[in-house]
Amino acid sequence: MGSIIRIPRSLQRRIEDAAHAFLYPQNGRTVDFMQPLHEEALICANSVSWQIFKNPIALFVGGVAAVILELAEPAVRTGVWEHSRFRQDPIGRIQRTGLAAMITVYGPRSVAEPMIAGVCRMHAAVRGETVAGRPYSAQDPALLTWVQTTAIYGIAQAYSRYVTVLSPDEFDALYRESAPASRLYGAHGAPTSANETEILFESMRGRLEASPIVVDFLRIMSEKMALPSPLQWLQPVLVRAAVEIVPAWIRERLGLSEAYALAPHERWLVRRAGSLSNRIVLAESPPARACRRLGLSMNHLYARP
């Protein structure tokens, strides 16, 4: 993992402020990850999940890859595009999704479980027909399983590709750890191993399809700046890094050509950013505050070998 990187206090403050502004936009929800003291999260602090979800590069790249995979499924695509504010407020949607992920992994149970229940209530109102006339419901366990699985797949692949290589056991642990929360979201068939995930992806070969919406999403994420201003030049590179971790057969089916490929120096840059961000402790971030809630050092997730 490498040693913790100490940076000048002024730079540390700027990074902390930028991270806080991204996670908690104006008039948005705020969550105190330090309260209630000693209350456990849905996933334990010594988990692979706690190690991986702390990394902002893996979160961003993995999150974009997950949305690409979600939009490849026509029912999920229609639900997201027609029943959410993604087109009007894409960055806000990304921020809300990021906060939900932080609460699911690091939040105390008394906050995480009601938050998930609220998401499920919102899903209850989302139903309709795809362009092809196929009826769908956002409460469909199969669709929820695809959404939850692609989220875990995205961040796992992003972390292993651009931060630190994960072992087969670590991949399996990540899926296993996420399964209880996935079931709370309604994804009762969520895979509990990398092998089960591969089987699910294979089962989707007849359902995933190209759409201009996928291309539109990638354009939005390359042009609408979500990162702090000093890092905005990196955002289009991270979007292409997300395309690169989508399975090759799905990229081909979606028509994601070589135009989305990373140049060798860009790939090095993403890996460098992922490695460095894994060694900078953000004292006010959800992972660090969650550690302190449980009586652990805020360096707990960074100081392990």
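Nothing in this text is a laboratory measurement; each read-out follows from the coordinates by a stated rule. Note that the coordinates shown come from a computational prediction; the quantities given were computed from them, not determined experimentally. FYI the Cβ positions are ideal-geometry reconstructions off the backbone, even for glycines, and counts take in every protein chain you see.
Quick notes on this one:
- Counted charge near ARG96, where neighbours are those whose Cβ lies closer than 12 Å (Asp, Glu -1; Lys, Arg +1): +2
- When only Cα pairs below 8 angstrom with a gap of at least 6 residues are kept, the chain shows a relative contact order of 31 percent.
- Here the range 205-274 is assigned +1 on the Cβ of each Lys and Arg and -1 on the Cβ of each Asp and Glu. Its dipole about the Cα centre then comes out at about 200 debye.
- Span-like helix criteria (full DSSP H runs; alpha carbon extent of at least 18 Å along the helix axis; mean Kyte-Doolittle hydropathy of at least 0.0) are satisfied in the chain by 56-71, 90-106, 109-123, 141-162.
- Where labels lie 7 Å past Cα in the beta-carbon direction, separation of HIS265 and LEU231 in nm: 2.2 nm
- Under the simplified labelling scheme, the ARG127-ILE5 pair shows an inter-label distance of 5.0 nm, with each label point 7 Å from Cα along Cα→Cβ.
- Computed on the Cα atoms alone, the convex hull of the range 194-267 gives a volume of 115 cubic angstrom per residue.
- Expected-Rg normalisation [2.2 N^0.38 Å, Cα atoms] applied to the chain: 0.95
- FRET efficiency, ARG87 to GLU209 (Cβ-Cβ, R0 22 Å, nearest 0.05): 0.65
- Distance between the range 173-240 and the range 100-117 - C-alpha centres, whole angstrom: 20 Å
- Stretched out straight at 0.36 nm per residue, the stretch from LEU276 to ILE250 would grow longer than its current Cα-Cα span by 6.3 nm.
- From most to least packed by mean Cβ count within 10 Å, the peptides 17-23, 237-243 give 237-243, 17-23.
- Highest mobility in the GNM of the chain, judged by mean-square fluctuation with C-alpha springs under 10 Å and restricted to ARG279, ARG205, ARG77, is found for ARG205.
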